[in-house]
Amino acid sequence: MDCKFESSIREIPYPQQLVYDTLSDLTNMERVKERMPEDKIQDFTFDRDTLSVEVSPVGRVTLRIIEREEPKCIKFETAESPIPFFFWIQLLPVTEETCKMRLTIKTELNPLMKGMVSGPLKEALEKMADIIAGIKYQ
């Protein structure tokens with residue numbers, strides 16, 4: 001069963017291109033390392049195209065960028081995960097100095113799994129949106 005989870009829309013007080021340039025190069029994730037909840041996330045590693053993290057109690061999750069649509073979308077797929085999924089970051093301009101963002105996860109889940117993971121997945125997506133929206137993009 002196709003399942004899609006979306007974060008609420010966040011406004012980011014930086015230009016769309018600057019936010020895109022930062023998020024499309026995962027080496028910039030050094031900026032968010034200290035904002036990750038240490039009780040849930042360990043062993044956070046990344047390079048330009050790949051991000052890998054140990055998530056408690058889920059296990060290792062590795063995401064790889066599969067498409068960059070400058071300056072509005074970055075698409076990822078799982079390279080390693082207990083549940084395979086696609087993840088994308090959408091960016092739209094609001095003004096020349098601000099943009100808005102939404103995070104989306106798409107996966108295949110049977111009805112039982114959907115019932116078990118929907119709440120925690122939605123909560124994790126909202127926390128990720130908060131972290132990404134809170135980055136200093138200068």
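Overview of values
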{"item": "Segment 121-138 residues that are touching a residue at least 12 places away in the same chain (Cβ under 8 Å) and closer than 15 Å to M29 by Cβ, paired with ones that are in a helix (DSSP H, G or I) and acidic (D, E) (beta carbon under 9 Å, 6 or more apart)", "result": "Y137/D21"}
{"item": "Filter result (in a strand (DSSP E or B) and among the aliphatic types (A, V, I, L, M)) within segment 1-18", "result": "I12"}
{"item": "Residue under evaluation M116, criteria (1) open to solvent by 40 Å² or more (accessible area, probe 1.4 Å); (2) over 16 Å from the mean Cα position of the chain (by Cα); (3) within 19 Å of I9 (Cα to Cα), criterion not met", "result": "(3)"}
{"item": "Residue among D39, D21, D43 that is assigned to a strand (DSSP E or B), without any contact (Cβ under 8 Å) to a residue 60 or more places away in the chain and open to solvent by 30 Å² or more (accessible area, probe 1.4 Å)", "result": "D43"}
{"item": "Matching residues, segment 46-72, being open to solvent by less than 60 Å² (accessible area, probe 1.4 Å) and either among the hydroxyl-bearing types (S, T, Y) or within 20 Å of Q138 (Cα to Cα) (or both)", "result": "T50, S52, S56, T62, P71"}
{"item": "Residues being closer than 22 Å to D2 by Cβ, surrounded by 14 or more Cβ atoms within 10 Å (Cβ to Cβ) and touching a residue at least 24 places away in the same chain (Cβ under 8 Å) - total across segment 77-94", "result": "4"}
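The values are calculated or read from the model by the stated rules, or taken from the named source; none is laboratory data. Just so it is clear, the structure is predicted and the values come from calculations on it, not from any experiment. Cβ atoms come from the backbone with ideal geometry, glycine included; neighbour counts cover every protein chain shown. To get the accessible areas, we keep the full protein, side chains included, count just its heavy atoms, and leave off ligands, DNA and RNA. Shrake-Rupley method; radii C 1.70, N 1.55, O 1.52, S 1.80 Å.
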